[in-house]
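The values are calculated or read from the model by the stated rules, or taken from the named source; none is laboratory data. Quantities reported herein were computed from a predicted structural model and do not represent experimental measurements. When we count neighbours, we look across all protein chains shown, and the Cβ atoms used for this are built from the backbone with ideal geometry, even at glycine.
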Amino acid sequence: MACSTTGTSYDLTGPTGAPVLVLVHGLGVTRATWDAFVPA
């Protein structure tokens, strides 16, 4: 997990040059929100 200079955590995975998909979760919720939708 990377962290930007603003403190935002993010994961960047997948093939280089592939389209980007951004998944955002709400305050008080973890990234596990997306586990059912994105394969590990």
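Report every pair of residues separated by at least 6 positions or lying on different chains whose Cβ atoms are under 9 Å apart, first residue within the range 24-40 and closer than 15 Å to Thr13 by Cα, second exposed (fewer than 11 other Cβ atoms within 10 Å of the Cβ).
Arg31/Met1; Arg31/Ser9; Arg31/Asp11; Val38/Leu21
Going through the chain one residue at a time, which ones are aromatic (Phe, Trp, Tyr) and within 10 Å of the chain's Cα centre (by Cα)? Lay out the reasoning, then the answer.
As a first pass, look at the chain and keep what is aromatic (Phe, Trp, Tyr): 10, 34, 37.
Those that are aromatic (Phe, Trp, Tyr) and within 10 Å of the chain's Cα centre (by Cα): Tyr10, Trp34.
Counting just the residues of the range 18-33 that are modelled with pLDDT of 85 or more and assigned to a helix (DSSP H, G or I), which one comes out surrounded by the most Cβ atoms within 10 Å (Cβ to Cβ)?
Thr33
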